[in-house]
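Asks: One structure, as structure tokens, below. Some questions next.
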Amino acid sequence: MGVRQAYNDYMLFNSFEFLVFLPIVFLLYWFVFRERRQQNLLVVVASYVFYGWWDWRFLFLIAFTSLCSYVSGLLIEHFEDKRSYQKAISAFNIVLNVGVLGVFKYYNFFVENLHDFFGSFGWQLDWVTINIVLPVGISFYTFQALSYSIDVYQRKLPATHDPIEFFAYISFFPQLVAGPIERATNLLPQFQNIRQFDYAKAVDGCRQMLWGFFKKVVIADACALEVDAHWGNIVSVQGTNETLPISVIHLFVIGVLFTFQIYCDFSGYSDIAIGCARLFGFNLMRNFNFPYFSRSIPEFWRRWHISLTTWFRDYIYFPLGGSRCSKWKIIRNVYVVWAISGLWHGANWTFVCWGLFHATLLAIYNIFGINTKYKDVVAYGRYLPSIKETLQMSLTFFLAVIGWIIFRAENMTQAIDYLHAMFTNPFFGFVGGKETLMLCIAFMIVEWLQRDKQHALQINSKGLFSFSVVRISLYFVLSAIVLMKLWMNVEEDNVFIYFQF
């Protein structure tokens, strides 16, 4: 029996409950509780309501995680002149928090794999599995809490003495359950300073939220319907009058649609989170920077889930030696980081293999010394990329699709069967999802034109868009489409993919 998940009653961003919750908190924040500490307390209360809407019992878990890291920071500061004590306190907090994460997320995974391992030698051991509900966002807020205590230990910031601002930092509802994973060095000082309402920032935050909603509700959910409908059909598909062979093109198209689904789903969440935070005067770190326009896999990972990749870089890769060692040790470090990264995503060997797949690609780029440190986005200042850039982006996108197929598979057998069919089935045949694919292509054209911006709705007031009525009409149309989709899918379980992590 594995980890059980039940998110049907959660206050999703793409739910009408959240569309009521957000303006209420906004009005209380700016018009009722105007003093900084009052606003911080409101953030804590609102965040715990937001999180507890799903299951109030798990509020004790996030409170425990917050309290442990808060106290560890105070103790590290108290023993300022005793470095060995500080190291022990920091290590204990890390082990405690990782241990809690391990029990909820990985207990059954390791027990079942140990059972299978010993069973292969004929030893039948009576292991006990338990029915565990995986708390929403536990990996995100655990990493956020850990970063604080590590940074205090490394003297990158002083320990905070205000429990309200610290609990607000850990539980800040816009990014609580799926990131970005904020560093205390960036977000915590914002809770310590007075916030002033910035109209321009709030308006741009609304635009970014709208674009995030559009990506999730219109693009990601449309892709999900096609992917879920066709994913299991690897050998054949039932046509009108006969069984048709699943073509290589069809399998690749479904892989591409999942590639768009996970991008629009996750980056859409990040856009909503970042835009929502700006309504309250906070600046969250950028989490996606048009990754599908990358010219190499290393560039792709500098543009995808930036808050997580930089977390692993700073707290695991650099302590292992980073790039300041021999080439083979660098490759070892890469494999260690990506094995952990794969496991972070879930208790399944598909995630581990996905991580090792990307570690292998990164190692190949490193061995051959291929330059991947581009200063600007591709074709900066130009409408079209060069032939070389087009080939680079095509190869990178293809490799990303292969990786996402492994990621999407329910187990390694399914992943292997899918990839085997992609390279051995008839090339031509049934192709599904063509209309959704065209929608994704149109979406990518918009992102291409806006690739030098923070988000696609950050529109310059030039040409036709110099008229405010045109811009407002665009926002109105997009809002209407999003609301219509939300209304049509009100009974659907359109949970964000990264909630499971």
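Asks: Here are Thr390, Thr360: which of them is more than 29 Å from Gly322 (Cβ to Cβ) and either surrounded by fewer than 16 Cβ atoms within 10 Å (Cβ to Cβ) or without any contact (Cβ under 8 Å) to a residue 40 or more places away in the chain (or both)?
Replies: The match here is Thr390.
Asks: Only one of Gly433, Gly429 is out of contact with any strand residue (DSSP E or B) (no Cβ under 9 Å at 6 or more places or on another chain), surrounded by 13 or more Cβ atoms within 10 Å (Cβ to Cβ) and among the small types (Gly, Ala, Ser); which?
Replies: None of the other options fit; the residue is Gly433.
Asks: Give the range 160-187 a look and list any residue that's surrounded by 21 or more Cβ atoms within 10 Å (Cβ to Cβ), more than 20 Å from the chain's Cα centre (by Cα) and of a type in the set (A, V, I, L, M, F, W, C), or say none.
Replies: If the condition is that a residue be surrounded by 21 or more Cβ atoms within 10 Å (Cβ to Cβ), more than 20 Å from the chain's Cα centre (by Cα) and of a type in the set (A, V, I, L, M, F, W, C), then Phe166, Phe167, Ala168 are the ones that fit.
Asks: Check Arg382 against each of (1) farther than 23 Å from Val227 by Cα; (2) surrounded by 18 or more Cβ atoms within 10 Å (Cβ to Cβ) and name the one condition it does not meet.
Replies: (2)
Asks: Right, next: Considering only residues of the range 471-492 that are surrounded by 14 or more Cβ atoms within 10 Å (Cβ to Cβ) and touching an Asp or Glu at 6+ places or on another chain (Cβ under 8 Å), which is modelled with the lowest pLDDT?
Replies: Asn489
Asks: Turning to a different aspect of this structure: Condition (residue is buried (at least 17 other Cβ atoms within 10 Å of the Cβ) and either more than 26 Å from Phe397 (Cβ to Cβ) or over 20 Å from the mean Cα position of the chain (by Cα) (or both)) applied to the range 297-309: is it met by at least one residue?
Replies: Checked against the condition, which is being buried (at least 17 other Cβ atoms within 10 Å of the Cβ) and either more than 26 Å from Phe397 (Cβ to Cβ) or over 20 Å from the mean Cα position of the chain (by Cα) (or both), the range 297-309 yields no hits at all.
Asks: Just to check your reading of the model, which residue among Thr372, Thr396 is of a type in the set (Ser, Thr, Tyr), within 21 Å of Trp338 (Cβ to Cβ) and at pLDDT below 90?
Replies: When all the criteria are applied, what remains is Thr372.
Asks: Looking only at helices (runs of 4 or more DSSP H) that lie completely in the range 267-384, which have at least 3 residues being farther than 23 Å from Leu134 by Cβ?
Replies: Counting at least 3 such residues, we get 297-303, 327-345, 349-367.
Asks: Restricting attention to the range 16-35, which residues are aliphatic (A, V, I, L, M) and modelled with pLDDT of 90 or more?
Replies: Val20, Leu22, Ile24, Val25, Leu27, Leu28, Val32
Quick grid of which residues meet (1) open to solvent by 60 Å² or more (accessible area, probe 1.4 Å); (2) within 18 Å of Ala91 (Cα to Cα); (3) modelled with pLDDT of 90 or more; (4) not basic (Lys, Arg):
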| position | (1), (2), (3), (4) |
| --- | --- |
| Tyr107 | yes, no, no, yes |
| Phe117 | yes, no, no, yes |
| Pro135 | no, no, no, yes |
| Gln144 | no, yes, yes, yes |
| Val152 | no, yes, yes, yes |
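Asks: Ok, one more. Please go through (1) in a helix (DSSP H, G or I); (2) loosely packed, with under 15 Cβ neighbours inside 10 Å; (3) over 25 Å from the mean Cα position of the chain (by Cα) for Glu17 and return the number of the only condition it doesn't satisfy.
Replies: (3)
Let's see how each residue does on (1) in a helix (DSSP H, G or I); (2) hydroxyl-bearing (Ser, Thr, Tyr); (3) farther than 17 Å from Gly212 by Cα; (4) open to solvent by 40 Å² or more (accessible area, probe 1.4 Å):
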position: Trp404; (1), (2), (3), (4): yes, no, yes, no
position: Gln414; (1), (2), (3), (4): yes, no, yes, no
position: Lys453; (1), (2), (3), (4): no, no, no, no
position: Leu464; (1), (2), (3), (4): yes, no, yes, yes
position: Val469; (1), (2), (3), (4): yes, no, yes, yes
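The values are calculated or read from the model by the stated rules, or taken from the named source; none is laboratory data. Bear in mind the structure is a predicted one, so any value in this text is a computation, not a measurement. Quick reminder, even Gly has a Cβ in these numbers, built from the backbone with ideal geometry, and neighbours come from all protein chains shown. SASA here: full protein model, heavy atoms, side chains in, ligands and nucleic acids out. Shrake-Rupley method; radii C 1.70, N 1.55, O 1.52, S 1.80 Å.
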